[in-house]
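Notes follow once the structure below has been shown.
The values are calculated or read from the model by the stated rules, or taken from the named source; none is laboratory data. Keep in mind that this is a model prediction, so the values were computed, not measured. Because the Cβ atoms are built from the backbone with ideal geometry, glycine has one as well, and the counts that use them run over all protein chains shown.
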């Protein structure tokens, strides 16, 4: 059985967990809750970068980070692929994944900066990350009408990213001014994979 080192609050882990559910593989993985920030963690033995998610596959190989894990998992089932075959649809899905992962990157950097002691925080750095998230959400709004209801790795990643904004920055609702993206998110977030992977309140 594969083993997934995870944190329930990581949006990258949530993306992987949604892929597991979409691919019907959630029973094929043992979940190992991991505190990547603990000084005592043994996580670097599986991922030298000290980050989750990390997937330990059956032959002892460990895969990281989330795009690699997701693409690997998508080869293990017989259903519709989340990663489209070579062609325009694939590049669209990969681009959407990159944009969504970038939202998570910026949001996490902003949150980490906000948690630094007073006197060490950089308001300019936090604003840079906030603006990056806003631009990315605007880009998603512009193409929301073409976001498919059938899941791809791009739409899974977008769901995870927008869910993370709700989780960590719910006081700064991303929906105003983005009605098409909000409507798509409302439909897509009803999926079983999204509901079952919600972070703890």
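The table below gives the values:
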quantity	calculated
Residue that is in a helix (DSSP H, G or I), surrounded by fewer than 20 Cβ atoms within 10 Å (Cβ to Cβ) and not assigned by TED's automatic domain parsing to the domain that holds residue 146, where the choices are 44, 39	44
Residue in the stretch 90-109 that is touching a helix residue (DSSP H, G or I) at 6+ places or on another chain (Cβ under 7 Å), crowded, with 20+ Cβ neighbours inside 10 Å, closer than 30 Å to residue 143 by Cα and without any contact (Cβ under 8 Å) to a residue 40 or more places away in the chain present	yes
Residue pairs meeting the criteria (Cβ under 7 Å; at least 6 apart or on separate chains; first assigned by TED's automatic domain parsing to the domain that holds residue 129 and without any contact (Cβ under 8 Å) to a residue 24 or more places away in the chain, in the stretch 165-185; second surrounded by 12 or more Cβ atoms within 10 Å (Cβ to Cβ) and part of a helix (DSSP H, G or I))	175/182
Residue in the stretch 117-135 that is touching a residue at least 60 places away in the same chain (Cβ under 8 Å) and surrounded by 14 or more Cβ atoms within 10 Å (Cβ to Cβ) present	no
Residue selected from the stretch 59-79 under the condition buried (at least 18 other Cβ atoms within 10 Å of the Cβ) and free of Cβ contacts under 8 Å to residues at least 24 places away in the same chain, by the criterion farthest from residue 2 (Cα to Cα)	64
